[in-house]
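Trainee: Questions regarding the structure given below will be posed in turn.
The values are calculated or read from the model by the stated rules, or taken from the named source; none is laboratory data. As the structure is a computational prediction, the values presented were derived from the model and not from experiment. Neighbour counts run over all protein chains shown; Cβ positions are idealised from the backbone, glycine included. Side chains are part of the model used for accessible areas, which takes the heavy atoms of the whole protein and leaves out ligands, DNA and RNA. Shrake-Rupley method; radii C 1.70, N 1.55, O 1.52, S 1.80 Å.
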Amino acid sequence: WNELLVLCLDNQIKIHLNDIQIIDADMNDWDRPFVNPDGTWNKFKVAMKYLPREGFLGFQSHGDDTGDNIWLRSIKVLELKD
């Protein structure tokens, strides 16, 4: 099993995979639609800076269309306190 930790606080997002930080992003850096901070293209019609900071969590499989399953365990969602 892989272990994933996602920390979101305001506009800051940090992601650790198996205790290695793989993402440290400031969502406010995405301030133009269809453009990443490095100038490359993305598919988002609204700049991520202006997207809601709260909502639902979703899980996604990147398998083919044969109905591949994803397996999850020990999911914990905690609210960060100041």
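Trainee: Would you point out the residue of the stretch 62-77, among those that are under 19 Å from the mean Cα position of the chain (by Cα) and modelled with pLDDT of 75 or more, that is most open to solvent (accessible area, probe 1.4 Å)? Even if it seems obvious, please write down each step before you answer.
Mentor: Of the residues in the stretch 62-77, the ones under 19 Å from the mean Cα position of the chain (by Cα) are 62-63, 70-77.
If we keep only those that are modelled with pLDDT of 75 or more as well, we get 70-77.
On the way: Ile70: 73, Trp71: 188, Leu72: 92, Arg73: 140, Ser74: 97, Ile75: 97, Lys76: 161, Val77: 106 Å².
If we take residues in the stretch 62-77 being under 19 Å from the mean Cα position of the chain (by Cα) and modelled with pLDDT of 75 or more, then Trp71 is most open to solvent (accessible area, probe 1.4 Å).
Trainee: Follow-up question, since we're still on this one. Can you run down the residue pairs with Cβ atoms below 6 Å, 6 or more apart or on separate chains, where the first is in the stretch 11-36 and under 18 Å from Glu54 (Cα atoms) and the partner is open to solvent by 60 Å² or more (accessible area, probe 1.4 Å) and among the acidic types (Asp, Glu)?
Mentor: Correct list of pairs: Lys14/Asp24.
Trainee: On to the next question. Among strands (runs of 3 or more DSSP E) lying entirely in the chain, which contain 2 or more residues that are among the aromatic types (Phe, Trp, Tyr)?
Mentor: Working: elements: 4-9, 12-17, 20-26.
Here the list is empty.
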